[in-house]
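K.L.:
I'd like to ask you about the structure that follows.
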Amino acid sequence: DGNEMSKIEEYVDEEATSEEESKLFGVAEDKNVIIVSLESVQSFVINNTVNGEEITPFLNELIEESYYFENFYHQTEQGKTSDHEFLIDNSLYPLPRGAVYFTHSQNEYNSVPDILKEHDYNSFVFHANNKSFWNRDVMYENTGYAHYYDQAAYEINEANSVGWGLKDKEFFEQSIKYLQSLPEPFYSRFITLTNHYPFELGEEDASIEPYNSNSKTLNQYFPTVRYTDEALEQFFDDLKASGVYEDSIIIVMGDHYGISDFHNKAMSQYLNKEEITPYDQVQLQRVPFLIHIPGHEGEKYSKISGQIDVKPTLLNLLGIENDDDITFGTDLFTNDRKDFIALRNGSFITDDYIYSKDQCFDRETGKLLAIETNVLQGSPEENANACEPFKEKVEKDLSYSDKIVYGDLFRFYDFNSSE
Ligand code: GP9
Ligand code: MN
């Protein structure tokens with residue numbers, strides 16, 4: 001109820017809200033926003049090769065001209081792509097079970113599209129799937145989207161489809177005409193599809209060879225990632241040719257993992273590791289995240305970050321004061337940030353440690369911090385309990401967010417109280 005909500009407000013003010021102004025506050029004022037969600041693209045393919053071939057040549061280039069966060073984690077659960085959408089539009093955590101897009105689509109939210117409406121933006125999603133998949137049509141309507149360019153907006157046939165549907169190159173190509181017709185400024189999200197499990201691709205679209213391991217899934221992943229990388233390059237070319245590029249900022253990110261721990265044996269072969277430890281498993285939850293602002297040189301950041309941080313970061317870039325908002329993430333361009341990134345399964349990352357499956361690891365080295373070894377080495381401060389103080393904080397963070405969603409608590413909160 002309202003009481004619970006004021007407790008959460010206090011917590012968020014204290015823990016997640018930055019006291020410091022974003023270094024990039026307002027640099028993208030009135031610009032269009034184009035978010036590209038790369039289906040199942042994980043960070044381990046970035047600046048990496050397979051069979052001696054670069055996997056993502058375009059992304060590797062783009063990173064050099066963007067603000068790039070190399071330790072950025074997805075925080076999704078069973079709601080997969082929709083969980084990622086929920087995170088970036090709301091800076092709330094998705095649910096521990098089920099998909100919030102299905103279970104709580106009628107809640108009151110303070111989503112990015114709703115906020116941007118007050119600043120003359122219209123919001124759109126482009127994705128070539130059935131509109132009711134993940135209950136998107138309902139959720140989008142409730143959170144302020146003006147239109148969803150779904151499957152019905154695209155010409156889809158056998159020749160231009162593979163796997164889950166329309167191929168990414170065709171998807172972007174067919175989207176440009178809609179994009180050019182949008183009233184400006186707009187907030188938009190493009191969700192790719194080709195790099196979806198089971199990673200099917202026709203020979204004519206494969207520029208690199210599959211990997212060779214006992215996992216057909218991992219083997220096929222590389223050519224489809226490359227295909228999506230090429231589709232993204234073509235999209236950038238088209239954005240430039242159409243004139244949309246100059247007035248826009250473009251955010252590119254992976255939505256969630258593509259290769260599950262079921263394929264750890266093949267993954268350890270590819271990564272040249274003896275085994276995939278719980279530490280490695282957490283590190284594999286990193287997805288690419290970059291913000292491309294035409295005219296900006298960009299910068300590479302190593303600080304820990306996650307999908308929960310996207311909303312406050314974006315609003316600050318657009319110069320939108322949002323003091324009364326309730327977000328569980330923090331602007332990426334301040335130093336006054338929350339000191340952990342929580343994954344939805346309770347694993348977490350701090351500057352110094354990674355915690356997963358009841359084990360505490362050194363973040364830098366991946367070394368398991370066991371009490372025994374440390375007694376022997378005489379450094380008791382570096383023991384397995386190092387993660388303990390964060391454990392409680394992370395649980396609190398997740399549970400406060402869950403309380404908001406389960407209890408639809410934003411009904412009791414005034415987002416404009418200081419106006
Ligand atoms: C479906 C697409 C893929 O529309 O977003 O869904 P996923 O299985 O990744 O959630
Ligand atoms: Mn997905």
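K.L.:
Could you run through region 30-39 and say how many residues are part of a loop (DSSP other than H, G, I, E, B) and either over 26 Å from GLY165 (Cα atoms) or more than 16 Å from ligand 2 (Cβ to nearest atom) (or both)?
P.N.:
2
K.L.:
Also: Take THR217 and decide whether it is within 16 Å of ligand 1 (Cβ to nearest atom), closer than 18 Å to GLU158 by Cα and not hydrophobic (A, V, I, L, M, F, W, C).
P.N.:
So THR217 fails the test.
K.L.:
Can I ask one more? From the residues in region 244-289 that are in contact (Cβ under 8 Å) with a residue 60 or more places away in the chain and small (Gly, Ala, Ser), which one is farthest from PRO210 (Cα to Cα)?
P.N.:
The qualifying residue farthest from PRO210 (Cα to Cα) is SER248.
K.L.:
Determine if region 47-58 includes at least one residue that is aromatic (Phe, Trp, Tyr), within 23 Å of LEU317 (Cα to Cα) and either more than 16 Å from ligand 1 (Cβ to nearest atom) or crowded, with 20+ Cβ neighbours inside 10 Å (or both).
P.N.:
The answer is no, given that none of the residues of region 47-58 is aromatic (Phe, Trp, Tyr), within 23 Å of LEU317 (Cα to Cα) and either more than 16 Å from ligand 1 (Cβ to nearest atom) or crowded, with 20+ Cβ neighbours inside 10 Å (or both).
K.L.:
In contact with a Ser or Thr (Cβ under 7 Å, 6 or more places away or on another chain), over 23 Å from GLU54 (Cβ atoms) and either modelled with pLDDT of 95 or more or of a type in the set (S, T, N, Q) (or both): which single residue out of ILE249, ILE276 fits that description?
P.N.:
Among ILE249, ILE276, only ILE276 is in contact with a Ser or Thr (Cβ under 7 Å, 6 or more places away or on another chain), over 23 Å from GLU54 (Cβ atoms) and either modelled with pLDDT of 95 or more or of a type in the set (S, T, N, Q) (or both).
K.L.:
Quick check on my filter: what residues within region 101-133 are under 19 Å from SER91 (Cα atoms), within 16 Å of ligand 2 (Cβ to nearest atom) and out of contact with any strand residue (DSSP E or B) (no Cβ under 7 Å at 6 or more places or on another chain)?
P.N.:
Hits for region 101-133 are TYR101, PHE102.
K.L.:
Within region 40-89, take every residue that is in a strand (DSSP E or B) and touching a strand residue (DSSP E or B) at 6+ places or on another chain (Cβ under 6 Å) and give me the one that is farthest from GLY258 (Cα to Cα).
P.N.:
Checked region 40-89; the qualifying residue farthest from GLY258 (Cα to Cα) is TYR67.
K.L.:
Which numbered condition trips up ASN385, out of (1) under 15 Å from ILE349 (Cα atoms); (2) at pLDDT 95 or above; (3) part of a helix (DSSP H, G or I); (4) among the polar types (S, T, N, Q)?
P.N.:
Failing condition for ASN385: (2).
K.L.:
Can you find even one residue in region 278-293 that is polar (S, T, N, Q) and under 21 Å from PHE172 (Cβ atoms)?
P.N.:
Within region 278-293, not a single residue is polar (S, T, N, Q) and under 21 Å from PHE172 (Cβ atoms).
K.L.:
In the list PHE25, PHE102, which residue meets the criterion of being over 28 Å from TYR211 (Cβ atoms) and either part of a loop (DSSP other than H, G, I, E, B) or free of Cβ contacts under 8 Å to residues at least 12 places away in the same chain (or both)?
P.N.:
Just one listed residue meets the conditions, PHE25.
K.L.:
A further question on this structure: Restricting to region 221-272, what's the tally of residues that are assigned to a helix (DSSP H, G or I) and more than 16 Å from ligand 2 (Cβ to nearest atom)? Quick ask: steps written out before the conclusion?
P.N.:
Initial filter on region 221-272 (assigned to a helix (DSSP H, G or I)): 221-242, 245-247, 261-271.
Add one more test, that the residue is more than 16 Å from ligand 2 (Cβ to nearest atom), and what stays is 222-223, 226, 229-230, 233-242, 245-247, 261-271.
Number of matching residues: 29.
The values are calculated or read from the model by the stated rules, or taken from the named source; none is laboratory data. Everything numeric in this text was worked out from a predicted model, so none of it was measured. Every residue, glycine as well, gets a Cβ built from its backbone with ideal geometry; the counts of neighbours run over all protein chains shown.
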